[in-house]
Amino acid sequence: MVKIYIDPGHGGNDPGAVANGLREKDLTLKIGLKLRDYLSGYENVQIRMSRTTDKTVSLSERTNDANKWGADLFVSIHINAGGGVGFESFVYNGLKKGSKTDQIRNKIHDKIAAQKVFSKDRGKKFANYHVLRETKMAACLTENGFIDNATDAALLKKDANLDKIAKGHAEGIAAAFGLKKKASAKPTPSNAKTFYRVVTGSFADRKNAEARVAALKKAGFDSFIDVYKK
C-alpha cells in the first residue's frame, strides 16, 4: 500500500500569494482535492491531506503529521509569485541529482508539464524549504503558475486547467510508484453534480409501459423502458 500525503499550501489566516483576484490558498486547496479524487481511482493507495478546508496549519504540523503517518510521498502544492511565468518543481537541496526523491519528482514534474497548462517549463530545481527538509519520506513541492502574472492568472481562473494540473500530479505519482487504475471505478471530480432517477412504475404488459413512456415524453420528460425479470 502506497501512502501519499497531499499538502495544499497555506490556508486559514495565511492566504499565500494574492493577485489578479485570486488567493493562493484557494487554488492549492482546489488542486489538492482534485488530486485526491484522481488518486482514489488507483489501486493500493492511501491518501492523507494536511487540510481539506480553509484552515490554518503550520509547516511543522504538516511535516510532523506526514512523518507520524509514515507517508511514502509528501507533495506540497503551491502557486508562484514574483513576476515570472510558468511551472516549476523543487526537492530538498541536500539531496543529489538522480537520488530516489529526485527521480520521483522528475516523473511528477514531467506529467504536469505534459498537460501543457502553462507556456513555460521553468525546470526541476532544488531548495531548502521546510516541507522538503523536515519530511522523512520523498518530498516535492510544485509551483503551478504565477498568480501575479496576468496570463498565468487567467489560466488559473479556469477550473478545467486546475483539473489538468491535478491530473498531471496524479499521473506522475502513479508512474513513480507503479500504481494501477481500478478496473471499474473512476475518480469523481470535486465539482461533480448529483442526479436523482425517478421510477414512475413497473408493468407486466409492455404495451402499458410504452403508453406510460409516451405520456411522459408528451409532458416533456425524458423517459425510457428498462427491462428486467423478477
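Per-structure values
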| item | result |
| --- | --- |
| Pair list, Cβ under 7 Å, 6 or more apart: the range 154-176 residue among the basic types (K, R), other residue assigned to a helix (DSSP H, G or I) and crowded, with 20+ Cβ neighbours inside 10 Å | K167/Y38 |
| Scope the range 159-184; condition polar (S, T, N, Q) and surrounded by 18 or more Cβ atoms within 10 Å (Cβ to Cβ); matching residues | N161 |
| Residue that is farthest from the chain's Cα centre (by Cα) [pool: residues in the range 42-58 that are outside any strand (DSSP E or B) and buried (at least 17 other Cβ atoms within 10 Å of the Cβ)] | V57 |
| Some residue of the range 45-54 being in contact (Cβ under 8 Å) with a residue 60 or more places away in the chain and closer than 20 Å to L132 by Cα | no |
| In the range 1-40, residue nearest to I112 (Cα to Cα) [restricted to those that are in a loop (DSSP other than H, G, I, E, B) and of a type outside the set (G, A, S)] | H10 |
| Close pairs (9 angstrom Cβ cut-off, 6 or more residues apart or separate chains): farther than 10 Å from D7 by Cβ and assigned by TED's automatic domain parsing to the domain that holds F90 in the range 61-78, in a helix (DSSP H, G or I) and among the aliphatic types (A, V, I, L, M) anywhere | L73/I104; L73/I108; L73/I173; L73/A176 |
| Yes/no for N106 being in contact with an Asp or Glu (Cβ under 6 Å, 6 or more places away or on another chain) and modelled with pLDDT of 95 or more | no |
| Any hit, the range 52-66, residues being touching a strand residue (DSSP E or B) at 6+ places or on another chain (Cβ under 7 Å) and farther than 22 Å from K25 by Cβ | no |
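The values are calculated or read from the model by the stated rules, or taken from the named source; none is laboratory data. Just so you know, these numbers come straight off a predicted model, no measurement behind them. Neighbour counts run over all protein chains shown; Cβ positions are idealised from the backbone, glycine included.
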